[in-house]
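Asks: Got a structure here, written out as structure tokens. Questions coming.
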Amino acid sequence: MEYHNPVLLQESVDGLNIHPDGVYVDVTFGGGGHSKEILKRLGPNGKLFAFDQDEDALANALVDDRFTLINENFRFIKRFLRFYGVKSVDGILGDLGVSSHQFDVPERGFSTRFDADLDMRMSKKNELSAYKVVNEYDEANLKRVFLDYGELKNAPVLARTIVEARTQYPIKTTDELKEVLSRYLPERVKNKILAQIYQAIRIEVNQEMDVLKEFLEQSLEILKPEGRLSVISYHSLEDRLVKRFVKNGMFDGEPERDFFGNFSVPFKTIGKLIVPNANEIKENNRARSAKLRIAEKR
Ligand SMILES: C[S@@+](CC[C@H](N)C(=O)[O-])C[C@H]1O[C@@H](n2cnc3c(N)ncnc32)[C@H](O)[C@@H]1O
């Protein structure tokens, strides 16, 4: 089975405005679709660093002198680039979230299609797992996860139901979790609600929102002036963070005004929000929720 079919491939790499001698970073290597396209556009002196925290992605490493794959979380982008002697870069690409491979391997526990242990870690080094979230979080914390990351209106009752069920026995597998919550999964909307529940737990397990914030802040620090940021997100929570950051250089509030009363912001947004066309969505269902934002550092 194919590891991952890259989404918005040309559009996101076009957004990097590649200089053949530049230094670029693909922070979500996966199957390497975007990395291969970046390398195609680089000259012999260009460099590409890629990150993926999932050990499985290492098998896709590209054999090319210009390429380095770093098996780490991109929340440490600045630290690991510095380790390779890189202090500033010309462009950074992020294709957020989970790869098709991660969804397709039943034991990873990401997919509602299979029964599996409650895992959902993108990296085996991650200390938090879906098991810990479901069995060890207190009710208030579970409610927060379902509300904030799943946008589930009945988050309080879902949290209460889990806490009550696990006083009898630990909830070990995804099927056991579905069974515990079965009352709240009417057939008509079952898949939609399950997708929201899984998304919420996965975001918490991998701390995806905090990681994205740390990554965006460091991107701003390491991009050269006129360096490009090209980010594809797959749900509104991610896209909201990216949108605010490229617009204002911050996640909350309004940026400061300069002496003349103009907002002083670190990025210039390039073009409008880009989404896949109908053809791409037809060929690759995973593309249906993708949103690409491109920004240039001032
Ligand atoms: C949507 S896939 C990327 C697919 C890739 N663009 C391709 O063309 O094959 C996202 C990948 O990023 C990785 N990933 C997600 N969050 C990460 C993080 N915080 N640090 C490092 N890798 C991460 C996942 O393990 C996954 O392999």
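Asks: Residue-wise, which Karplus ³J(HN,Hα) couplings in Hz belong to the stretch 29-39, taking 6.51 cos²θ - 1.76 cosθ + 1.60, θ = phi - 60°, and x for glycine or proline?
Replies: 4, x, x, x, x, 5, 4, 4, 5, 5, 4
Asks: Then there's this: In whole Hz, what ³J(HN,Hα) sequence does the stretch 190-201 give by Karplus (6.51, -1.76, 1.60; θ = phi - 60°), x for Gly and Pro?
Replies: Values per residue, Gly and Pro as x: 3, 5, 5, 5, 4, 4, 5, 5, 5, 4, 4, 5 Hz.
Asks: Going down the list Lys268/Lys291; Lys87/Lys297; Lys124/Lys243, which pairs span over 20 Å between their C-alpha atoms? List each step's numbers first, then the result.
Replies: Values: Lys268/Lys291 18 Å; Lys87/Lys297 15 Å; Lys124/Lys243 30 Å.
Check vs 20 Å cut-off fails for Lys124/Lys243.
Asks: Taking R0 as 22 Å, what's the FRET efficiency between Val189 and Phe114 from their Cβ-Cβ distance, rounded to 0.05?
Replies: On the way: r = 20 Å, r/R0 = 0.92.
After rounding, the FRET efficiency stands at 0.60.
Asks: Any lysines with Cα under 18 Å of the Lys190 Cα? List them, leaving off those in the same chain fewer than 8 positions away.
Replies: Lys153, Lys178
Asks: Grab the Cα-Cα distance for Asp175 and Phe259, subtract it from 0.36 nm times how many residues apart they are, and report the gain in nm with one decimal. Write down the numbers at each step before the final one.
Replies: Numbers: separation 84, 0.36 × 84 = 30.24 nm, distance 5.94 nm.
Value of the extension gain: 24.3 nm.
Asks: Compute the separation of the alpha-carbon centres of the stretch 211-265 and the stretch 113-158 and state it in Å as a whole number.
Replies: 28 Å
Asks: To continue, here is another question. Which residues' amide hydrogens lie under 5 Å from the amide hydrogen of Asp95, considering only partners 5 or more residues apart or on another chain, with H built in the peptide plane?
Replies: So Asp95 has HN proximity to Val27, Thr28, Ile232.
Asks: Oh, and also: May I ask you to evaluate 6.51 cos²θ - 1.76 cosθ + 1.60, the Karplus curve with θ = phi - 60°, for each residue of the stretch 83-94 and list the ³J(HN,Hα) values in order in whole Hz, giving x for glycine and proline?
Replies: Once θ is set to phi - 60°, the couplings for the stretch 83-94 become 4, 8, x, 9, 9, 9, 9, 8, x, 9, 10, x Hz.
Asks: Between the DSSP loop rule and a limit of at most 16 other Cβ atoms within 10 Å, which chymotrypsin sites (Phe, Trp or Tyr not before Pro) in the stretch 219-265 are left?
Replies: Phe251, Phe259, Phe260
Asks: Would you mind calculating the gained length between Gln10 and Tyr84 on full extension (0.36 nm times residue separation, minus the Cα-Cα distance), in nm to one decimal? Walk me through the intermediate numbers first.
Replies: Working: separation 74, 0.36 × 74 = 26.64 nm, distance 2.78 nm.
Result for the pair: 23.9 nm of gain on full extension.
Asks: Under 5 Å between amide hydrogens, which residues at least 5 positions from Leu69 or on another chain qualify, with H placed 1.01 Å from N in the peptide plane?
Replies: Hits under the 5 Å cutoff: Ala50.
Asks: Exactly which trypsin sites (Lys or Arg not before Pro) in the stretch 78-171 are in a DSSP loop and have at most 13 other Cβ atoms within 10 Å?
Replies: Values: sites: Lys78, Arg79, Arg82, Lys87, Arg108, Arg113, Arg121, Lys124, Lys125, Lys132, Lys143, Arg144, Lys153, Arg160, Arg166; in loops: Lys87, Arg113, Arg121, Lys124, Lys125, Lys153, Arg166.
Within the stretch 78-171, the qualifying trypsin sites (Lys or Arg not before Pro) (loop, at most 13 other Cβ atoms within 10 Å) are Lys87, Arg113, Lys124, Lys125, Lys153.
Asks: Spin-label point model (7 Å from Cα, Cβ direction): what's the Lys268 to Thr167 distance in nm?
Replies: 6.2 nm
Asks: Between exposed GluC sites (Glu not before Pro) in the chain, where DSSP calls loop and at most 13 other Cβ atoms lie within 10 Å, what's the longest gap? Before the final figure, lay out each step's value.
Replies: Details: sites that count: Glu2, Glu127, Glu256.
After excluding every exposed loop site, the longest remaining stretch is 128-255.
Computed from the coordinates by the stated procedures, all read-outs in this text should not be read as laboratory data. Note that the structure is a prediction, hence the values are computed from the model and not measured. When we count neighbours, we look across all protein chains shown, and the Cβ atoms used for this are built from the backbone with ideal geometry, even at glycine.
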